[in-house]
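The values are calculated or read from the model by the stated rules, or taken from the named source; none is laboratory data. A quick note: this is a predicted structure, and the numbers were derived from the prediction, not measured. Cβ: placed from backbone, ideal geometry, glycine included. Neighbour counts: every protein chain shown.
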Amino acid sequence: MDKAVLDGFRTVAIASIADALDKATGRRGYMAEAMKNRINARRMVGPAVTVLHAPTREFLPPQAALEAIDDSPAGSVICIGMHGDIDVAVWGGLMSAGAFARKHAGAVLDAGVRDLAEIRRDYDLPVFARCVSPGTSLGRTRTIAAAIPVMVGGLVVTPGDIIVGDEDGVCVIPPDAAAEVLRLAQEIDAREAEQAKLIVASGSLREGLAKYGRI
């Protein structure tokens, strides 16, 4: 993974990344609105590591997720897809402790997270999830696969995709389009900064929008 590209995604607006993905790939690149940063931590940027959960009645630990946390390179974003009921916590304080110890960038869950106060207090780890739930995954779901494409937040996430998230949402960037998406996002940021200055200086929203032909 190109460090300069990853670092670039730490500074451009999520909205600009979403617009750039539209232009570069021709398809939506942002997750569903329900995927929120439940910890309110720093921006998250890193390559995706994927895990899939499925329903079970067995009391089994989420082995593939535990292994992904321990074995993935530092800076990874653990992305967990879900078959079945999403109103269950597939992530909590202990998994956050492991991710923090391994210096991962964060987690994105197509299900629930719990132990929010503990995570905020001890780890400041970005965790984006569909919901908050006190319910354990034990006896409800188990991990059935890892390192495969998974559906998260309405998008297919493939291992190695660049995940960028903050309070505005989560974007998924294919590696082969990353440099172009970053270039476009930086151009959008710069153009909108100039546009905002013109709107304030002229006292006219219409004039500021007209110069750049953008709404």
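Inspection of the range 123-133 identifies no residue that is surrounded by fewer than 14 Cβ atoms within 10 Å (Cβ to Cβ), hydrophobic (A, V, I, L, M, F, W, C), in a strand (DSSP E or B) and within 22 Å of the chain's Cα centre (by Cα). Applying the criterion of being surrounded by 18 or more Cβ atoms within 10 Å (Cβ to Cβ) and touching a Gly at 6+ places or on another chain (Cβ under 6 Å) to the residues of the range 19-60, the residue that is farthest from GLY112 (Cα to Cα) is LEU21. All conditions in (1) within 23 Å of ALA13 (Cα to Cα); (2) in the same structural domain as ALA48 (by TED's automatic domain parsing) hold for THR136, with the sole exception of (1). ALA68: surrounded by 18 or more Cβ atoms within 10 Å (Cβ to Cβ) and in contact (Cβ under 8 Å) with a residue 24 or more places away in the chain, yes or no? Spelling it out, ALA68 is indeed surrounded by 18 or more Cβ atoms within 10 Å (Cβ to Cβ) and in contact (Cβ under 8 Å) with a residue 24 or more places away in the chain.
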